[in-house]
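Student: Quick one: the structure is below, questions incoming.
The values are calculated or read from the model by the stated rules, or taken from the named source; none is laboratory data. What you are looking at is a predicted structure, and each value in this text was computed from that prediction instead of being measured. Note: ideal-geometry Cβ built from the backbone for every residue, glycine included; neighbour counts use all protein chains shown. For the accessible areas, the whole protein counts, side chains as well, though only heavy atoms, and no ligand, DNA or RNA atoms are used. Shrake-Rupley method; radii C 1.70, N 1.55, O 1.52, S 1.80 Å.
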Amino acid sequence: MNYLDFSTFKSLGFSQSEEVFNNLLPKASRQLNGLTLDFYKNKHDFESELHSDHDALRYRAEAFQIALGLTIEFMDETGITNTLGLANANTPNVTIGRTHVDATNPVKGLVASAQGYVVPDEAIRQIAPYGLLYRGI
């Protein structure tokens, strides 16, 4: 299921090309579906929420679209589309004589890698208030 079309993606202010969008949409969707425990894939009807008269349902679906756009943008800008890519993006620590360079990977601080998903924190902040990350019973 496509949660986002290219025209909506552009209207949300993203600048990636249609080719990049089409390439990264399935990868970003997999990451968000995993992070949300397939909230829209199995449990809720995304299209009906997106067009709902109930503001809370519509806002939740729109927040999911924004998070998807942010994930696509992140993947395009960093080139990281899965957790293996994130793990391989490490910058090494180097010691030469008395000089030590401790370079950390700034990308790791921007994604939900602890949960095993390549989703930028900015996207998580979009969907968290709507219960899409709820893990209770």
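Student: Let me spell it out: the conditions are (1) open to solvent by 20 Å² or more (accessible area, probe 1.4 Å); (2) closer than 18 Å to I127 by Cα; (3) not β-branched (V, I, T), and L4 meets all of them except one. Which number is the exception?
Tutor: Tallying (1) open to solvent by 20 Å² or more (accessible area, probe 1.4 Å); (2) closer than 18 Å to I127 by Cα; (3) not β-branched (V, I, T), L4 fails exactly one: (1).
Student: So which residues in region 5-45 are within 13 Å of M75 (Cα to Cα) and within 14 Å of the chain's Cα centre (by Cα)?
Tutor: F14, F21, L24, L25, P26, K27, A28, S29, R30, Q31, L32
Student: Within region 72-87, is even one residue modelled with pLDDT of 95 or more and open to solvent by less than 50 Å² (accessible area, probe 1.4 Å)?
Tutor: yes
Student: Another one. Give me the pairs, please: first residue somewhere in region 64-83 and under 16 Å from R30 (Cβ atoms), second residue anywhere and of a type in the set (D, E), beta-carbon distance under 9 Å, and either six or more positions apart or on two chains.
Tutor: So the pair list comes out as F64/E49; A67/E122; L70/E122; F74/E122.
Student: May I ask you to list the residues in region 12-25 that are surrounded by 11 or more Cβ atoms within 10 Å (Cβ to Cβ) and either outside any loop (DSSP other than H, G, I, E, B) or of a type in the set (D, E, K, R) (or both)?
Tutor: If the condition is that a residue be surrounded by 11 or more Cβ atoms within 10 Å (Cβ to Cβ) and either outside any loop (DSSP other than H, G, I, E, B) or of a type in the set (D, E, K, R) (or both), then E18, V20, F21, N22, N23, L24, L25 are the ones that fit.
Student: Among the residues of region 34-49, which ones are open to solvent by 20 Å² or more (accessible area, probe 1.4 Å), within 20 Å of V119 (Cβ to Cβ) and without any contact (Cβ under 8 Å) to a residue 60 or more places away in the chain?
Tutor: Correct list: D38, K41, N42, K43, H44.
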